[in-house]
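Everything on this sheet refers to the single structure shown next.
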Amino acid sequence: MTDPNLSKIFMQTLIEDLKSSKIFTDLQNAAQIEITKPGVRLSELKKGVQAGLIHSGWDKRLKNAVFKYLQTKPRLQYPVTPPEHAKEPLLYLRKAQKSSGKVSTKPRLQYPVTPPEHAKEPLLYLRKAQKSSGKISTKPRLQYPVTPPEHAKEPLLYLRKAQHAWEKRILKSLNSMCTELNIPLARKRPEKEQKEMNSKWTELGVEGPDLTQIRPVYAPKDFLEVIVGIQNPNYHGDNNGFFPLWGIVQVPVKVKSINKLRLQYSEMAINQCQSGIDDSTDIPSELFDLDRSKLGKKVVNANHGPVAQEFSKKGCPSSLRATLWSQMLCVEVDDVDKLYYEQLKTSVLHHDLLVDSLLYKDVKLTATNDDQYFVFEDFLYQVLLPFSRDTFVLNHFSQNSATPPKSYIRGKLGVEEFSVLYPPNGVIPFHGFAMYVAPLCYLYNDPVILYYVFREIYTRYFYRLHSISSHHQGIVALSLLFEVLLQTHEPELFFHLKTVGCQPLKIAFKWLVRAFSGYLSSDQVLLLWDRILAYNSLEILPVLAVAIFSFRKTNLLKVQSYNAAEAVLADLTTLQVIPLIQLSLFSK
Amino acid sequence: MQRTGMARLKYACDMDKSVLLNNFEARGWVPVSPDDDWNFYWANVQSIRNVFSIDSGYRLTDDQVINHFPNHVELTRKDLMVKNIKRYRKDLEKEGSPLAEKDENGRFIHLDFIPLTFMLPADYNLFVEEFRKNPNTTWIMKPCGKARGIGIFLVNKLSQLKKWSRDSKTNNFTPPTSKDTYVISKYIDNPLLIGGKKFDLRLYVLVTSFRPLKCYMYRLGFARFCTVKYNASVNELDNMFVHLTNVSIQKQGEDYNAVHGGKWTVQNLRLFLEGTRGKEVTDRLFDEINWQTVHSLKAVSGNISNDRHCFECYGYDYIVDDNLKPWLIEVNASPSLTSTTSSDRIMKYRLMNDLINIVIPLDRCPMSDGTKYHRKNI
């Protein structure tokens, strides 16, 4: 129990959550089937059933479920009260107590004479509440307060405020588009239209809605302006300190040093063979590729998330990637999931939402014009439209600093009872949103599996790339990490670019927000995302961005304007990302 | 960096294509008229006929190379290619070659790589016999001498072919010219679909000699996609956008996208297939394509006049079915060098650059030292 997060309370909630999930009923059913099997003896019922369950792979399923839980559930932000704190929270008093040789077991008296009811509960209103509820609390209350729900989303008030203001702005722009174009946020489709759409479900790209008037609600550029404008009101550091930052992000959040990153990504070191480099066709496959594929197949057969994760730290062989990713994400699509997807599809058919047009427009502006992704256009609609209807996505807002936007039924503006979340999944797409899905189309040929893998990746990682938070994987920290790394390791380059009026983040920001999708060639995006999933972190993105600046340094040092710098970095499709990351992490 | 012995070559070119001219210029070559003394001539098919016709009396000298073989039609005309491949199979079978092995249904295991094909009107009766066996199959009619999808249509009723049967009876004594001969092939009705769309593969093959066979496969081919969702139903038979992937046809469709032109690189195709189908089957597909290319070249190697001044860059068209089996559809003698998109331009520029590097290594004047220049198989 070295991990403090695996405390008793955490384990309890874990078990409770598992008990209330589908896996528990499945397990019960499976156990019942085991009992009816002829080989099970009454005298060894428990043993027999357990052996049967293990035989049918249930130990792996349970392990994977716990793994998923550990990966996705928010850890407690405040530590649980250590037992000695319940005795005495102040260390020097504990020490004094110890040196005096006595151990106080009774609660110290706060009043000269404590009234007896105070021993039970010192606060009157709690006593009253207790009385009315009829129960008597005997356990000491936690000394640290329980994390307030908004803190789980974002502990810093000024960032919560910034995010709130940004959401208001997005919503306003969405509403004004509605008013301007005189289209409703949602409307029910007539029966005929529903049937027509159903028959065209796999070719929605051919005759989409009229999109000439639709424009993306915002682009990464607009979002960057907001981030640059955020300031910490409690922080009066000026730039005359001994380590002035040249960048434009002014939020003081903690970012990792290169040494920490080296440790974190140590499996990517130059002396370790990597998929995506050492398995190229120019290298004899006996040297690496054969063994790697063999090991990969073993890993896939083990079907255990952490093993798949460990293996993928050195990249996934392209033929095993689809399986490894779904194992790392613990995505297993069963009949219930398929049914659920069909329900989402039905709700797309029933109602036409304004976000649909935004999604259509985004696909048309990005993937449709991309020579790597245009073939998947229709797949993207089959994922994105149901995604906007999926209320399961709302769950991730408990950790996301963003809050799902609300809309009101016509004529009831502002009346809470008539509020609905809009869109149903709470995510308003922006310019480039479709590119979170596009690379996955190279792995999954079935739209349903594609859907669930995307949903898991989005609710684990990508939502952080467009909401303001102090999380070390949030876009603010990633932007700052980029600037700090670049300033520390390429000061000459950073200073030159800054002097010619080209803040590096202004170019790199869009790469970060899209996790490089659409900027790199498709195979390279997949190799990069291998590492996001395997290391369970988005911090690889700023590392790569810095590497790209270093790699094009010679040309960047010659530019004299922002446009020239942008031109040098316009085409990244020829880059090999893994050697670049290695270069910037391990060569200096 | 001019090397000693590196001459400023003289080139002639019939085509005003930037991917060609930019390559010549980058090498510092000098343009001349086709009537002058050239070292390197990129000619169109018409000029080739003149150069090699007996009437012209033109003799190529040691320091001249030209981009077509005199009778390349043996490979590049649809009917002749089919005839040659059929003969090649028969020959191998007679020899008892293991390549001619057949499965229990009497089909070649290794040599069954072109769709079942008949000449019209010549093989009309054979075709009718086959058609009656499987009346529900769709067939595709292609005029022998035309390219870029011109004159192609689909057939699923014999009545659509009345014209050819009658023609074949009345014109029995005058053998039909290539203009009014057609090939009719079994339509591949289970093509591999990606994103629900049909595609074919265009690969580039350079041949510098047929005897011995020396050929080079270019790595950067592409897949051409139909803009419209594939639909095998009969009422879509007339919609050529569904069936034909020729860029010149797709360009007329309203959904044509000028940014990518419906073209997807072979690398992307490979990545997709490895990701969704696995590496073994993907490797096998590309292996099979390479073998089919070699077989098709072997099939004509005896017929082609292997002029040592000639080289040729062929555009090979393949269709892949949903069992990941490739089918050779046709071979083009003059694959389009027009660039539809910017990546297309880069790809074709590099194709030409690689091609010239192979045909004229080190930019040395071809065969000027009296020996045949060095050719290497990669």
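Only the coordinates and a few stated rules stand behind these numbers; no lab work does. Quick caveat, the model's predicted, so the values are computed rather than measured. Don't worry about glycine lacking a Cβ; one is built from the backbone with ideal geometry, like all the others, and counts go over all protein chains shown.
Here are the numbers for this structure:
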| read-out | value |
| --- | --- |
| Inter-chain shielding of A:203-212 (mean C-beta neighbours from other protein chains, 10 Å cut-off) | 2 |
| Computed helical MRE - 222 nm, chain A, DSSP H runs ≥ 4 contributing -39500 (n - 2.57), nearest 500 | -15500 deg cm²/dmol |
| Qualifying aspartates and glutamates (Cα of each under 13 Å from Cα of B:LYS146; at least 8 residues distant if same chain) | B:ASP79, B:ASP180, B:GLU330 |
| Order by protection proxy (mean Cβ within 10 Å, highest first), peptides B:196-205, A:20-29 | B:196-205, A:20-29 |
| Positive-end residue of A:VAL448, A:PHE418, A:ALA402, charge dipole of segment A:353-451 with Cβ unit charges | A:PHE418 |
| Per-residue mean of C-beta atoms belonging to partner chains within 10 Å, peptide A:364-375 | 5 |
| Over 20 Å between alpha carbons, listed pairs A:LYS260/A:LYS498; A:LYS8/A:LYS153; A:LYS345/A:LYS510; A:LYS19/A:LYS406; A:LYS364/A:LYS510; A:LYS168/A:LYS406 | A:LYS260/A:LYS498; A:LYS8/A:LYS153; A:LYS345/A:LYS510; A:LYS19/A:LYS406 |
| Long pairs among A:LYS294/B:LYS279; A:LYS294/A:LYS314; B:LYS83/B:LYS186; B:LYS142/B:LYS263; B:LYS162/B:LYS186; A:LYS294/A:LYS338, criterion Cα-Cα beyond 20 Å | B:LYS142/B:LYS263; A:LYS294/A:LYS338 |
| Straight-distance crosslink candidates among lysines, where the alpha carbon sits under 24 Å from A:LYS37 and sequence neighbours closer than 8 are dropped | A:LYS22, A:LYS46, A:LYS47, A:LYS60 |
| Under the span-like rule (Cα at least 27 Å along the axis, Kyte-Doolittle mean at least 1.0), DSSP H helices of chain A | none |
| Residues whose placed amide H lies under 5 Å from that of B:ASP200, excluding near-sequence neighbours | B:ARG224 |
| Shielding by partners, peptide A:435-444 (average Cβ within 10 angstrom, other chains) | 2 |
| Size of charge dipole - the protein assembly as shown - debye, nearest 20, with Cβ of Lys, Arg +1 and Asp, Glu -1, no other charges | 3160 debye |
| Cross-link reach list, aspartates and glutamates versus A:LYS200, counting only Cα pairs under 12 Å and skipping chain neighbours closer than eight places | A:ASP378 |
| Nonlocal amide H pairs with B:PHE153, under 5 Å, H built at 1.01 Å | B:MET141 |
| Segment A:4-72: Rg to Rh, with Rh as the Kirkwood radius over Cα pairs | 1.06 |
| Relative contact order %, chain A, counting alpha carbon pairs below 8 Å whose residues are six or more apart | 17 percent |
